[in-house]
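Contents: one structure, followed by commentary.
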Amino acid sequence: MKLVGYIKKNKQNSFQIPVYAKWKGDYFFHSLDDRYNITEFIPAEFKDTSYKELYLSKKFAIGLKGAIVFVGNEDYIHYNAAPTAIDEIIHYVNDTCLNQNSNAILDEAMLIKNRVFSDQIRVDHFMLKMNPKNEEITLSFDFPSPQKETSQEGEKSVASIPEEKVKSSRKATLLEPTTAEYTDALQYFNSVDMNVEIKLKLRAEERRTKLKTFNYQFKLNQNSRKRQQTGE
C-alpha cells in the first residue's frame, strides 16, 4: 500500500484521514492499534469532493506504523510515516499556532507521538523494542570495542594486539559466558512479568560482566607474553 491522498476536514491545523491504494481506484483507510501500528486496511468509501490527492512512494503494510497527514494554515501540508512526520508537525504547531486552539492541537500531536514511540525506549546507546503480542522485549546496544575500553583504563598496549586475536577473544566472550551471575541474570531476564527498568539493569550488568571477563583474559595473556620475553 502507498499513501495516495486524504479526506480533508473543514478546519485548518488538524490531522486528516490518510487514504491508501495498492492500485489506482482501489482505496483503503487504515485501522491502528494503540501503538499506531497498522492492524488492517479497510476499503474506503468517501465523497469525491472531500478527497484530496497526494502521493508518497513509501510502502505501508500491516504491522508497520501508519501514515500521518496534517494540514495547517496557508496551504501548509505535511505527510509521511508517523515516526518521521510527528516531530515536524509538533515543531510547526509550536512555531505558528498562537490561537486558543493551539494547546488542543499540540495535545493531540503529543498523544500521537506517545503512541508512535510507545514500543521504543532509548537510554543512552540502548534501544528497547517491545512486542505486545508475545510479551517479548528486545534490548540492543552498541558493544564497545575492547581496544577502546582498555585504552580508557591506561592499557595502551592493546593497539599492538593483532586484529584477528581481538575478534577471536571478543567472540568467545560474547557467545560463551560462563559466570553463574550471568546465567542467573539471563534466567531472570526471560521471566514474563519483568518490567523495563529491571531488564535495562540486567543488560547493563551483562555488559559489565563481559567487559570484565575480556579484560581479565587480556591481562593474563599480556603477563604471559612478558614472562616469555623475560625468559628469552
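A compact table of results
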| quantity | calculated |
| --- | --- |
| Per-region count, segment 50-78, residues of a type outside the set (S, T, N, Q) and part of a strand (DSSP E or B) | 16 |
| Any hit, segment 70-84, residues being over 22 Å from the mean Cα position of the chain (by Cα), under 13 Å from Ile7 (Cα atoms), buried (at least 17 other Cβ atoms within 10 Å of the Cβ) and at pLDDT 95 or above | yes |
| Residues of segment 43-80 satisfying the condition of being free of Cβ contacts under 8 Å to residues at least 24 places away in the same chain and either closer than 17 Å to Tyr27 by Cβ or not charged (D, E, K, R) (or both) | Pro43, Glu45, Lys47, Asp48, Thr49, Tyr76, Ile77, His78 |
| Filter result for Asn103 (open to solvent by 10 Å² or more (accessible area, probe 1.4 Å) and assigned to a loop (DSSP other than H, G, I, E, B)) | no |
| Segment 32-49, residues that are open to solvent by 80 Å² or more (accessible area, probe 1.4 Å), acidic (Asp, Glu) and either outside any strand (DSSP E or B) or more than 23 Å from Leu111 (Cα to Cα) (or both) | Asp34, Glu45, Asp48 |
| Count of segment 1-31 residues which are open to solvent by 50 Å² or more (accessible area, probe 1.4 Å) and of a type outside the set (Phe, Trp, Tyr) | 11 |
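The values are calculated or read from the model by the stated rules, or taken from the named source; none is laboratory data. Because the structure is predicted, anything quoted here is derived from the model rather than measured. Here Cβ is always computed from backbone atoms with ideal geometry, including for glycine, and neighbour counts include all displayed protein chains. SASA here: full protein model, heavy atoms, side chains in, ligands and nucleic acids out. Shrake-Rupley method; radii C 1.70, N 1.55, O 1.52, S 1.80 Å.
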